[in-house]
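What follows is a single structure, written as structure tokens, with notes after it.
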Amino acid sequence: MKVTTLSAVRAAVLALTGSAIAALIGATGSAHAEFGYWLLYNRGTGMCATTQDDPANGITGTARFAPCDANDRRQWFLRAMTGSDTIAFSTYEVNSRGNHRCIENAEGGWGLAFLAVCDTGNYRQSFTVEFIIRPDGTGSEIYRAQLDDRRLSVPYAAGTSYVTIRNDFPNEDPRTQWDRLATN
């Protein structure tokens with residue numbers, strides 16, 4: 001498989017800052033039609049990332065896995081440029097204060113994909129994109145955390161649903177590979 005970085009191949013993403021995301025999304029009725037929201041599908045689990053709480057897993061405020069459902073806006077994520085070669089993942093839904101949350105690489109190496117208020121100055125929310133191209137011409141994306149070179153991936157322990165940020169799988173492992181599925 002061939003791996004390519006974002007600086008070599010430009011992804012079709014929106015160049016919006018965190019404050020612009022909040023202002024523009026909040027100003028329109030349905031962001032579904034105006035912005036590039038996607039479901040983040042993990043090839044290794046066959047499920048999508050969600051902001052939905054899982055009662056079986058006690059740490060709240062983290063991205064989880066759930067069966068993909070394009071009608072569940074808790075699974076809608078926007079990829080926004082945070083730098084010349086970095087992106088952030090913003091949720092569609094807002095918190096109780098009206099702020100969008102972004103996937104964040106937790107301080108201290110927790111390994112969980114926390115959801116924190118989007119802040120373009122927060123490097124823990126910045127990821128680079130690598131592309132995996134398979135021999136049949138299909139491909140997926142790998143999201144590498146700017147903070148410590150770990151990648152968005154699957155849970156550490158069986159029976160948990162957390163999206164994690166870890167580095168113990170090679171890029172060729174489908175557990176590190178993500179596809180963007182349409183929300184409509």
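One table, with the values for the structure above:
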| item | result |
| --- | --- |
| Residue list for segment 40-55, filter: of a type outside the set (Phe, Trp, Tyr), surrounded by fewer than 22 Cβ atoms within 10 Å (Cβ to Cβ), closer than 15 Å to Ser153 by Cα and in contact (Cβ under 8 Å) with a residue 60 or more places away in the chain | Arg43, Gly44, Thr45 |
| Within segment 56-65, considering residues that are over 14 Å from the mean Cα position of the chain (by Cα) and among the β-branched types (Val, Ile, Thr), the one surrounded by the most Cβ atoms within 10 Å (Cβ to Cβ) | Ile59 |
| Residues that are in contact with a strand residue (DSSP E or B) (Cβ under 9 Å, 6 or more places away or on another chain) and charged (D, E, K, R), drawn from segment 108-155 | Asp119, Arg124, Glu130, Arg134, Glu141, Arg144, Asp148, Arg150, Arg151 |
| Which listed residue, of Arg144, Arg180, Arg124, Arg101, is in a strand (DSSP E or B) and in contact with a Leu (Cβ under 6 Å, 6 or more places away or on another chain) | Arg101 |
| Asp69 being of a type in the set (Asp, Glu), closer than 13 Å to Ala49 by Cα and not in a strand (DSSP E or B) | yes |
| Filtered residues of segment 36-72 (kept if modelled with pLDDT of 90 or more, among the acidic types (Asp, Glu) and over 17 Å from His100 (Cβ atoms)) | Asp69 |
| Unique residue being of a type in the set (S, T, N, Q), at pLDDT 85 or above and out of contact with any Lys or Arg (no Cβ under 9 Å at 6 or more places or on another chain) when the list is Asn99, Asn105, Asn95 | Asn99 |
| Sole residue being of a type outside the set (Gly, Ala, Ser) and over 18 Å from Asn105 (Cα atoms), chosen from Asp149, Asp136, Asp168 | Asp136 |
| Segment 81-101, subset of a type in the set (A, V, I, L, M, F, W, C) and more than 16 Å from Trp178 (Cβ to Cβ), residue surrounded by the fewest Cβ atoms within 10 Å (Cβ to Cβ) | Val94 |
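Conditions (1) more than 15 Å from Ile103 (Cα to Cα); (2) of a type outside the set (S, T, N, Q); (3) modelled with pLDDT of 90 or more; (4) touching a Ser or Thr at 6+ places or on another chain (Cβ under 8 Å), marked per residue:
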| residue | (1), (2), (3), (4) |
| --- | --- |
| Arg144 | no, yes, yes, yes |
| Gly159 | yes, yes, no, no |
| Tyr162 | no, yes, yes, yes |
| Ile165 | no, yes, yes, yes |
| Asp173 | yes, yes, yes, no |
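So that you can scan it fast, the table gives a plain yes or no per residue for (1) touching a residue at least 24 places away in the same chain (Cβ under 8 Å); (2) surrounded by fewer than 21 Cβ atoms within 10 Å (Cβ to Cβ); (3) outside any loop (DSSP other than H, G, I, E, B); (4) of a type in the set (Lys, Arg):
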residue	(1), (2), (3), (4)
Asp119	yes, yes, no, no
Asp149	no, yes, no, no
Tyr156	yes, yes, no, no
Ile165	yes, no, yes, no
Phe169	no, yes, no, no
Asn184	yes, yes, no, no
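The values are calculated or read from the model by the stated rules, or taken from the named source; none is laboratory data. None of the values given here were measured: they were computed from a predicted structure. Methodologically, a virtual Cβ is constructed for each residue, glycine included, from the backbone with ideal geometry; neighbour enumeration extends over all protein chains shown.
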